[in-house]
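> Following this message is one structure expressed as structure tokens.
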Ligand code: HEC
Ligand code: HEC
Ligand code: HEC
Ligand code: HEC
Ligand code: HEC
């Protein structure tokens, strides 16, 4: 009997880590399915179609379909690149911290191998399956004070209010998030400076640092959402794949004020040297440096 008990305890100990890892995705398809938001489309059609065109829907595709993580899969191209794509682990892609945070919490190293191989094979269709979906923002990234409020719950979305009976089959509840309307929500991924926590520090987006240390101290009062998500717009422009709209946004945002004065300098009798003084002042209406990243 005693032997049986010990066996049972051993079994439980062995089974625990197995079930924990069983919850993680082993393939790109499994990871995409875990965070699949296509079910939101039927009821939130407008938001869905805005999101689909946004950079958040293609965080590993860069601008105009570029596979910008390719150097990380290419031997010798970066300090992070593995010698062989078959040996890639999540650690070879520190970019996941912001470009695909669900990989950090919910993927096995085998996903990194599959991604490295897909990047080298230029398999855009496969890479495009990895997105910052509705669930990433409205669940995983919706709580930052986890000691006080706990981890985001399964089957719960977070928004601006409580919805006790939410129509979705999996996410049957919406709870009020403390940060959804705050700039710090975006700041989780939009960068404060160099990422010093890695064994090889590097820098990407820094815009939240600029917002916090330049815009706010200069008297700025608006949040990222105030400027970028008017009426809940989930395109969260600019969309750099749309040249026309991007130029229009920039034309509105950047003001170039030029003052000139032309004169002739009487250097010596009967010698007039033409001179011009140009004073330029470039200002923007952005709440941070542009461009960034
Ligand atoms: C069957 C229809 C249906 C589906 C499917 C659905 N929703 Fe909703 N959702 C609603 C309705 C209706 C409301 C508004 C409820 C209210 O105002 O009382 C809502 C509210 C919300 C809110 C809260 C709105 C706020 O003001 O903060 C969020 C966030 C949300 N849904 C996200 C999602 C996401 C993400 C998905 C997909 C995983 C999804 N919904 C799927 C119908 C749906
Ligand atoms: C701190 C979060 C963060 C980390 C870590 C991060 N990025 Fe980014 N990255 C962003 C954000 C946010 C943007 C878009 C906004 C911007 O440019 O300000 C971006 C933009 C980019 C762009 C330019 C835009 C585009 O779509 O082509 C490239 C390329 C890029 N990242 C590559 C990388 C690579 C490679 C890594 C890993 C070595 C990485 N990033 C790590 C947050 C991050
Ligand atoms: C990059 C993060 C991000 C993604 C991705 C995202 N949302 Fe949101 N969503 C937000 C934020 C932030 C707000 C609050 C905006 C504000 O302050 O006005 C919001 C607001 C909402 C609301 C509340 C109503 C409104 O218009 O303000 C609904 C409903 C919603 N989102 C549904 C969705 C659905 C459905 C998807 C996927 C198609 C999605 N969201 C993808 C960040 C995100
Ligand atoms: C989960 C991480 C994450 C969150 C949260 C997030 N972003 Fe992003 N955002 C990114 C990444 C990564 C990109 C770049 C994708 C690419 O490479 O094209 C991006 C792109 C953008 C872009 C397009 C311009 C560009 O340089 O690519 C804008 C604008 C933007 N985000 C604003 C916001 C705002 C405003 C919020 C908060 C409401 C927010 N983001 C929340 C990760 C995030
Ligand atoms: C006062 C309004 C305002 C605030 C606040 C604001 N932005 Fe912007 N943002 C702009 C304008 C204007 C532009 C430039 C025009 C354009 O390209 O849309 C811009 C551009 C961007 C870009 C593109 C950068 C590039 O490389 O061209 C990103 C990403 C972005 N904002 C994210 C954010 C985030 C994240 C926050 C909060 C930390 C934020 N913004 C706060 C107005 C604002």
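> I'd like to know if the range 162-173 contains one or more residues that are over 22 Å from the mean Cα position of the chain (by Cα), more than 14 Å from ligand 3 (Cβ to nearest atom) and surrounded by 14 or more Cβ atoms within 10 Å (Cβ to Cβ).
Yes, the conditions are met somewhere in the range 162-173.
> When the residues of the range 222-239 are filtered to those that are over 14 Å from the mean Cα position of the chain (by Cα) and free of Cβ contacts under 8 Å to residues at least 60 places away in the same chain, which remaining residue is nearest to residue 183 (Cα to Cα)?
Checked the range 222-239; the qualifying residue nearest to residue 183 (Cα to Cα) is 223.
> Any residue that is at pLDDT 95 or above and within 17 Å of the chain's Cα centre (by Cα) - is there at least one of those in the range 240-255?
yes
> Please count how many residues of the range 65-90 are touching a residue at least 12 places away in the same chain (Cβ under 8 Å) and farther than 17 Å from residue 26 by Cβ.
10
> Considering each of 175, 169 in turn, give the residue that is under 24 Å from residue 38 (Cβ atoms), away from ligand 5 (no atom under 16 Å from the Cβ) and assigned to a loop (DSSP other than H, G, I, E, B).
Selected residue: 169, the only one of 175, 169 that is under 24 Å from residue 38 (Cβ atoms), away from ligand 5 (no atom under 16 Å from the Cβ) and assigned to a loop (DSSP other than H, G, I, E, B).
> Out of 200, 259, which single residue is surrounded by fewer than 14 Cβ atoms within 10 Å (Cβ to Cβ) and assigned to a loop (DSSP other than H, G, I, E, B)?
Unique residue meeting the criteria: 200.
> Of all residues in the range 49-64 being assigned to a helix (DSSP H, G or I) and in contact (Cβ under 8 Å) with a residue 60 or more places away in the chain, which is nearest to ligand 1 (Cβ to nearest atom)?
51
> Between 97, 86, which is within 21 Å of residue 236 (Cα to Cα), assigned to a helix (DSSP H, G or I) and at pLDDT 95 or above?
When all the criteria are applied, what remains is 97.
> A further question follows. Inside the range 28-68, can you point out the residues that are closer than 19 Å to residue 139 by Cβ, within 16 Å of ligand 2 (Cβ to nearest atom) and touching a helix residue (DSSP H, G or I) at 6+ places or on another chain (Cβ under 7 Å)?
51, 57, 59
The values are calculated or read from the model by the stated rules, or taken from the named source; none is laboratory data. Just so you know, these numbers come straight off a predicted model, no measurement behind them. Positions of Cβ are backbone-derived with ideal geometry, glycine not excepted, and every protein chain shown enters the neighbour counts.
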